[in-house]
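Below: one structure, written as structure tokens.
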Amino acid sequence: MTDKANHLFHLPETRIMTKYVLLCLLGFLIHACAGTLQPARPMAHQVVKPGAILKLNRDLTIPPDQAGVRMQYGKFTEYRAINQWYPNCRFEVKNPAPAEQIIQPEEFVITQVSTEFQFVAAEQIKLAAFGIGIGMFGNNGGPTAEVMSTSFYIQSQTQPKVRRLICQHWEDPYDSRHLLLEEIQQALGDIIEFRLTPAL
């Protein structure tokens, strides 16, 4: 038998072996990926439902002529000191007042949970440390970052002026997501905590 004939004789067998090896490799990759991929973790708005409790553990002092106080890394902070790329929260009342407003420790009932996003321009990123925003889009007409926020609306019979806790962070517009409950809790520290099921 010539070399050419011998080559033609073994060609189908070679193709079968090649397909077999490729199928085995594919099966191995699928098995390996299945072992490493984890199910998506639920966002805070998917976990916290109306009827849950937002527990304030200490007094909140809202400055005059303002309607809220900000927190990050478990501490109270001013707007200009916040790193917008990391989780930060703001406890809000319904209206500002000429004098300080003191919110006393209480277990507030969450009545509504909502999410929102908006785009941030390049100019806003540059001036964020000064609390200045001058437009919605950057020089190239496109967004530079996306603000992903989650709001927990609350009510109280004894402190009816409370409004909500809003937590947010900046994200890449092409790979954005809302905050996890653990990330929000890290921003709040022990100042505020969530109880997902009301006490009996």
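Each reported figure results from applying straightforward, stated rules to the coordinates on display, with no laboratory input. Just so we're clear, the structure is a prediction, and the values are computed from it rather than from any experiment. As a convention, Cβ positions derive from the backbone with ideal geometry for all residues, glycine included, and neighbour counts pool all protein chains shown.
If amide H atoms are built 1.01 Å from N in the plane of the peptide, which residues on other chains or at least 5 residues away come under 5 Å of the amide H of I154?
Here T111, R164, L165 satisfy the definition.
Which whole-Hz ³J(HN,Hα) couplings does region 83-88 yield from phi under the Karplus relation 6.51 cos²θ - 1.76 cosθ + 1.60, θ = phi - 60°, glycine and proline marked x?
Along region 83-88, the couplings run 8, 5, 7, 10, x, 8 Hz.
Using a Cα-Cα cut-off of under 15 Å, which aspartates and glutamates could be cross-linked to K161, ignoring same-chain neighbours fewer than 8 residues away?
D59, D65, E92, E100, E106, E107
Just to be sure I understand the curve: with the Debye formula and one point per C-alpha of region 68-109, what is log10 I(q)/I(0) at q = 0.21, 0.30, 0.32, 0.34 Å⁻¹?
-0.81, -1.13, -1.18, -1.23
Divide, for region 44-195, the radius of gyration over alpha carbons by 2.2 N^0.38 Å, where N is the residue count.
Rounded to two decimals, the normalised Rg is 1.06.
May I ask you to evaluate 6.51 cos²θ - 1.76 cosθ + 1.60, the Karplus curve with θ = phi - 60°, for each residue of region 163-178 and list the ³J(HN,Hα) values in order in whole Hz, giving x for glycine and proline?
Coupling constants for region 163-178: 10, 6, 10, 10, 10, 7, 6, 8, 9, 5, x, 9, 8, 9, 7, 7 Hz.
Run the simple label-point estimate for E193 and Y73 please: 7 Å along Cα→C-beta, distance reported in nm.
A separation of 2.3 nm, rounded to one decimal place.
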